[in-house]
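The structure appears below as C-alpha cells.
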Amino acid sequence: MFTKTTLSLVACATLVASLGADTLTLDPIVVSASKTEQSLKETTANIDVITHEELEENHITSVMEALRILGNIPIAQSGGIGQTSSFFQRGFSSDNTVVLIDGLRYNDPTTTKGQAQLEHLMVNDIERIEILNGAQSGIWGANAVAGVINIITKKATEKLQLGGTLEYGSYATSKIGANISQKLGNLSYYVGLNQLKSNGFSAQTPRGENPEDYEADGYKNQTFNAKLGYDITASDTLRGQFTFIDAKVQYDGNDPFTYAPLPNSSTNEVHQINSLGSLGYRHSFNADNYIDASYALTSFDKKDPLGYTTAFKGTNKERTLLGSFHYAPNSSVVLGGNTLTSKDTISSHELDSKGVFLTNTNRFENLILTESLRHDMYDTFNDKTTGKIGVKYLFANNITLSGNYGTAYRTPSLYELYAGYYGNPNLQPETTKSFDMTLQYKHLSLTHYNNLVDNLIGYNPSTYVNEQVSGTSRFKGYEVRYNNSISELFSIDLSYTKLSAKDKDGKYLIRRPQESAMGSLSYYPMSTLSLGTTINYIGTRPDTDYTTYPFTAVQTGRYTLVSAVMNYDLNSNITLYLKGDNLTDKRYQEVDGYGTAGRSVYTGLNAKF
C-alpha cells in the first residue's frame, strides 16, 4: 500500500510526498505536453496528474470517477456506474477534449459529437492519468480545445509480479481483477483482466425522489488489457498494445408518444464493445534522440435493441511518424506528421485528415519557452493552422509563474454533418483562442484561464438542423489549490474552482457548476493503517427540464458530499480496505431527472506477489 500521502499534482507543480519520516520531492515524467517524455517541471503547460497510487488508495473504479479527485472538472452522469456521462474540462463539453489511451484515440465517432465514453474505462491497469489543460490543437490537432486526457497503462515489471483485487458493496456491486507482468530477456509483457458487476439503481428518477423506489438498471463490464514489448537490438524496439472492453448497461426509456420518462422500464439495454490496438517501432540514436512510427486502430460497436438501427459501429485509423531531438543543451524539438480516418456505419461517411506538427522547447537558466505549430489538411473542411506558445519562469524562494496562449478548433462530428434531417454538410469547425496563467508558491497555486469560442455549432429548434451560430462564447475561471504533507501523520489537499461558462448571449451553459470546492484529509496513525476523508461541494448548477414544453430551467447544485476510506496492510502483500461514499445519504442529481447513489459502502482487498 502507498503510505503517508495521497498523490495529487497541480498545474506545473512538483510532487511532494511524505514517506515515513522522510520527505521527498519527485519530478514526474509526462508525455502529453509535447508528444514525448518530458519532466513535468520542464513544461510550461498547465497539467494535472493522477497516479496509480492515488487511484489505489482511494479505490477508484472508473476514469470518470477518477476525474472527481481533482475537484476542478465537473461531472454529469445520467444515473449510476456505466450510465451515459459528460465532463466539462474548463467548462467545455466532452467533445472538446481528446482522450488517448497510450496514444490511441478513444473518442467515439458514432456519438453525437465524437465524445469519449469515459464511463466504460476502468482504472485497474492504469499507471497514471495526465490531464493537459487549455487549447492543444497546435500539438494534438482537431478537438483538443479544452485539452487532452492521456491515460498511460501499466508496463512490465522487472521481475514476475502477480496482482489481484476483490471488492463487494452496495447495490450488489462486485469487482474482481487479476494481472501479471514480467520482463523475460528482450521480451516484456503486462496482461490484466477485470470484471465489474452492479445491480445499480434506477437511471431515470423524478426530481426529489429516491432512485431505489424504482426498477434498478444494472451494469456489467469486462475489460482485457495487454501490453507487449520486444527489444530487437539495444537501439530498436517493437511494441504492441490491445484493449478490449465489453460493457452492458440497462437504461430507462421514454414513452414513444408523449416522450415522458419511464423510470420503471425494464427491457432497455445497450451492449457496447470497444477495442483498441496499436503497433509501434522506435529507433533510438542515443538516450535523448529517437524516431518513432506507429499504427493505431480503435473500434466502437454499440448494439441497442430499441434503437433506430440494430448497431452503430465506428472506427479511427491513425498513422504517426515523429522524431524527438536534442539539438543543443537544454533545447529540444519534436516534429512529425500523422493521418487520421474516422468513420461510422450510420452516416456511411468518413472524415480524413493529414497533419504535420512541430514543438520546440528551450531552457535558459530559470526561463523555459515552448512553441508549437501544426497544420491540418481536410477533404471536408478548410485547412486549419493552429499554434501554442508557453513561458515559465522559476523565481527564487520557490515561486513559479507560467502562462500559455494557444489556438484550437473542433470539427463537426459525423452526426452533426450527416445525421438524417438534422445534419448539415456545410458546417465548418468551431475555433477557440485560449489563455491561462499559473502562479505557484511552494504548495499553493492559483490558475486563471480565459477561452473565446467562435463559429459555434448549435441545434436550431426552428429548422431542426445543426447550424453555425454567430457570436462569441466565453469560458473563463480560476482555480486555487493547496496540497501538502503537514506532518508525518497528516496530509491535506484543498481546492476551489470558480467557473463562468456562457454562450454568446451571456447565458450560463447547463450542467456546469459555477463554483465547486474540495477538501481532503489523510491520517496515518501507523505504518500499516491510513484513514482519509473527502468533502466535495457543488455550487449553483443550471439545468433544463426536458419533460415539459416549453422547456423550463431548473437548478441541480448546492449540495455537499462526504466520503471516507480506510486502508490496512495485512502484510507486505495484501491490503484490506473499507470505503464509504455519500455518507450523509444526500439526495441529489447531476443531471435533472436522473438518480444518484445514496449512502454506499464497499469492502475489498488488493494483493501483489
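Every read-out reported here was derived from the displayed coordinates using simple, explicitly stated rules and does not represent laboratory data. Every value quoted in this text rests on a predicted model; they were computed, and no experiment measured them. Glycine gets a Cβ as well: all are built from the backbone with ideal geometry, and neighbour counts include every protein chain shown.
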**OP:** Return a whole-number percent for the relative contact order of region 15-608, with Cα pairs under 8 Å and 6 or more residues apart as the contact set.
**Re:** 12
Subject >> Extended-chain gain in nm, criterion 0.36 nm per residue less alpha-carbon gap, GLU158 and ILE180 >> reply: 6.8 nm
Subject >> Cβ-based exposure ranking for VAL63, VAL391, in which fewest neighbours within 10 Å come first >> reply: VAL391, VAL63
Subject >> Contour minus Cα-Cα distance for ASP236 and GLU127 (0.36 nm per residue) >> reply: 36.8 nm
Original post:
How long, wide and thick is region 229-326, going by the Cα atoms along their three principal axes, in whole angstroms, largest first?
Top reply: 66, 22, 20
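Is the shape of region 153-204 rounded, prolate or oblate, going by the alpha carbon gyration tensor and its root eigenvalues a ≥ b ≥ c, with a/c under 1.5 for rounded and a/b larger than b/c for prolate? Could the numbers behind the result be given before it?
Values: a/c = 5.73, a/b = 3.20, b/c = 1.79.
Prolate is the answer for region 153-204, as a/c is 1.5 or above and a/b outweighs b/c.
Specify whether the C-alpha gyration tensor of region 77-150 places it in the rounded, prolate or oblate class, a ≥ b ≥ c being the square roots of the eigenvalues: rounded for a/c under 1.5, otherwise prolate if a/b is larger than b/c and oblate if not.
oblate
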Original post:
For LYS579, what is the net charge nearby, where nearby means another residue's Cβ is under 15 Å from its Cβ and Lys, Arg count +1, Asp, Glu -1?
Top reply: -3
**OP:** Quote the FRET efficiency, to the nearest 0.05, computed for LEU489 versus TYR327 with a Förster distance R0 of 45 Å and r equal to the Cβ-Cβ distance.
**Re:** 0.40
Subject >> Links that overshoot a 19 Å alpha carbon limit, given the list LYS220/LYS343; LYS433/LYS476; LYS113/LYS313 >> reply: LYS220/LYS343
**OP:** Report the normalised scattering of the chain as log10 I(q)/I(0) at q = 0.06, 0.08 Å⁻¹, calculated by the Debye formula with identical scatterers on the alpha carbons.
**Re:** -0.30, -0.55
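Set the bar at 26 Å for Cα to Cα. Now go through LYS498/LYS586; LYS155/LYS175; LYS354/LYS502 and name every pair that lies beyond it.
LYS354/LYS502
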Original post:
Listed highest first by mean packing, meaning other Cβ atoms within 10 Å per residue, what order do 124-131, 434-441 come in?
Top reply: 124-131, 434-441
**OP:** At a Cα cut-off below 17 Å, give the lysines reachable from LYS159, other chains included and same-chain residues fewer than 8 away excluded.
**Re:** LYS183, LYS227, LYS608
Original post:
Shape of region 25-183 from its Cα gyration tensor (a ≥ b ≥ c, root eigenvalues): rounded if a/c is under 1.5, otherwise prolate when a/b > b/c, or oblate?
Top reply: oblate
Original post:
Modelled label-to-label distance, ALA607 and HIS448, 7 Å Cα→beta-carbon offset: nm?
Top reply: 5.5
